[in-house]
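The values are calculated or read from the model by the stated rules, or taken from the named source; none is laboratory data. Predicted, not measured: the structure shown is a model, and the values here were computed from it. In this analysis, Cβ positions are derived from the backbone assuming ideal geometry, glycine residues included, and neighbour counts consider all displayed protein chains.
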């Protein structure tokens, strides 16, 4: 099955679209970033985007140059994936969500609508991000030179789940199979397979055994 590219889509030269891939109306794929003079992001010509087999870039979505998407990925309407990102197979990025630069997302991870995944984040396989989750990577909010060495987004381990409107502060690690409750503000690492709630987030209980992913 051949790839399909809508007439109104903008696809930059060199873009690789896998078999059965689809780029829908008004999507932009392969765009080089436009950086301000004060930006701390890397300045380089980036290689073309690579889209795996069956991957869909939906209406008005944007995928920047230097990013690779695995097979069966869905980039929702008006979502944006910045440069130098790596997405595994069967990832879903929901409508209006933003994945910032230099982020890695593992297979089968689901990011729902209007979530913000900050630069330099790591999401492992089978992670679930609910709508409107927010993440941060800079404890200094743009001030002092010290921030450059310390800038780091959250690390979210395999099978962890993050509830609606939760906030993950810079550099925190969400343990494997952990559950972050809706609206929680996570300011320190969360151990594996526990439920945390509140502001600041605190441990409530263990995740029920029947909710754990099978490892067969």
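Before moving on, here are some points about what is shown:
- Condition check for residue 144 on (1) surrounded by 19 or more Cβ atoms within 10 Å (Cβ to Cβ); (2) over 26 Å from residue 21 (Cα atoms): one failure, at (1).
- Residues within the stretch 43-58 that are outside any strand (DSSP E or B) and surrounded by 19 or more Cβ atoms within 10 Å (Cβ to Cβ), tallied: 5
- Taking the criterion of being surrounded by fewer than 16 Cβ atoms within 10 Å (Cβ to Cβ), free of Cβ contacts under 8 Å to residues at least 60 places away in the same chain and part of a loop (DSSP other than H, G, I, E, B), the residues of the stretch 199-216 that qualify are 199, 200, 208, 212, 214, 215, 216.
- Annotation: residue 82 fulfils all but one of (1) touching a residue at least 40 places away in the same chain (Cβ under 8 Å); (2) in the same structural domain as residue 173 (by TED's automatic domain parsing); the unmet one is (2).
- Check on residue 19, at pLDDT 95 or above and within 20 Å of the chain's Cα centre (by Cα): no
- Check on residue 161, surrounded by 16 or more Cβ atoms within 10 Å (Cβ to Cβ) and outside the structural domain of residue 73 (by TED's automatic domain parsing): yes
- Residues in the stretch 177-198 that are surrounded by fewer than 18 Cβ atoms within 10 Å (Cβ to Cβ) and touching a residue at least 24 places away in the same chain (Cβ under 8 Å): 182, 192.
- Scanning the stretch 92-148 for residues that are outside any loop (DSSP other than H, G, I, E, B) and at pLDDT below 95, we see that the one that is farthest from residue 46 (Cα to Cα) is 147.
- Residues of the stretch 57-79 classified as over 15 Å from residue 24 (Cα atoms) and touching a residue at least 24 places away in the same chain (Cβ under 8 Å), total: 4
- Scanning the stretch 149-161 for residues that are over 12 Å from the mean Cα position of the chain (by Cα), outside any loop (DSSP other than H, G, I, E, B) and either under 18 Å from residue 79 (Cα atoms) or modelled with pLDDT of 95 or more (or both) yields one hit, 161.
- Filter pass, residue 30 being farther than 29 Å from residue 157 by Cβ and not in a loop (DSSP other than H, G, I, E, B): yes
- Residues of the stretch 86-101 that are more than 23 Å from residue 165 (Cβ to Cβ) and either buried (at least 24 other Cβ atoms within 10 Å of the Cβ) or in contact (Cβ under 8 Å) with a residue 60 or more places away in the chain (or both): 87, 101.
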